[in-house]
Amino acid sequence: MPHEFLPPEEWFASLPTAYVAAFGLITDEAGRVLMVDPNYREHWTLPGGIVEDGEAPHLGCEREVAEEVGLVRTAGALLSVQWSAPRGVRPRPFLSFVFDCGEVDSGTAITLQVEELDAYAFVPAGEAPARMHPALAPRLAGALRARAEGGTVYLP
């Protein structure tokens, strides 16, 4: 039966789905990137994480940044979107958004979510992508480029 003849609830249930994550690009006055070291994986990342069911990505970013590093930030411009194909035990693709969460003073108090994070650091922008998993580093490099040039970068 063609999709246009399916009842709406069946049609929506038949659509492909994806996992969604949102991260905040936060820098200090020297342009260094705020990064966190999760205790459940090897590589560093930006503050952020999984967007909850029904939550808009920008609000998920704001919530995750507040939870992980204790900073109340507004998710500004969308800097980068990265699509990651299903891989290994993950049966669906990932869509990862990086929002511009602005600049903070390097002396700003950071309160780590100790259940998930071991450390944080302000890392020089040129070195920050190397701390990330190679498959995820393009989202940060793209976000830095988009912030500098204006606009948004899509990373397949």
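Just so it is clear, none of the values below were taken in a lab; they were calculated from the coordinates. Note that this is a predicted model, so its numbers are computed, not measured. Reconstructed Cβ throughout: ideal geometry from the backbone, glycine too, with neighbour counts over all protein chains shown.
Please enumerate the residues belonging to region 39-54 that are surrounded by fewer than 16 Cβ atoms within 10 Å (Cβ to Cβ) and assigned to a loop (DSSP other than H, G, I, E, B). Give the steps one after another, and end with the answer.
First, pick out the residues of region 39-54 that are surrounded by fewer than 16 Cβ atoms within 10 Å (Cβ to Cβ): 39-43, 50, 52-54.
Of everything in region 39-54, those that are surrounded by fewer than 16 Cβ atoms within 10 Å (Cβ to Cβ) and assigned to a loop (DSSP other than H, G, I, E, B) turn out to be Asn39, Tyr40, Arg41, Glu42, His43, Glu52, Asp53, Gly54.
Cys61 - would you say it is part of a helix (DSSP H, G or I), within 12 Å of the chain's Cα centre (by Cα) and buried (at least 16 other Cβ atoms within 10 Å of the Cβ)? So Cys61 passes the test.
Here Tyr154 meets the list (1) under 20 Å from Phe94 (Cα atoms); (2) over 15 Å from the mean Cα position of the chain (by Cα) almost entirely, failing just condition (2).
Do you know which residues across region 116-143 are buried (at least 20 other Cβ atoms within 10 Å of the Cβ) and basic (Lys, Arg)? If the condition is that a residue be buried (at least 20 other Cβ atoms within 10 Å of the Cβ) and basic (Lys, Arg), then Arg139 is the only one that fits. The residues of region 64-76 that are surrounded by 17 or more Cβ atoms within 10 Å (Cβ to Cβ) and touching a helix residue (DSSP H, G or I) at 6+ places or on another chain (Cβ under 8 Å), listed by number, are Leu71, Arg73, Ala75.
A quick yes/no check of all residues on (1) touching a strand residue (DSSP E or B) at 6+ places or on another chain (Cβ under 9 Å); (2) outside any strand (DSSP E or B):
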{"residue": "Val65", "(1), (2)": "yes, yes"}
{"residue": "Glu68", "(1), (2)": "yes, yes"}
{"residue": "Ala75", "(1), (2)": "yes, yes"}
{"residue": "Arg92", "(1), (2)": "yes, yes"}
{"residue": "Ser96", "(1), (2)": "yes, no"}
{"residue": "Thr111", "(1), (2)": "no, yes"}
{"residue": "Glu115", "(1), (2)": "no, yes"}
{"residue": "Pro138", "(1), (2)": "yes, yes"}
{"residue": "Gly142", "(1), (2)": "yes, yes"}
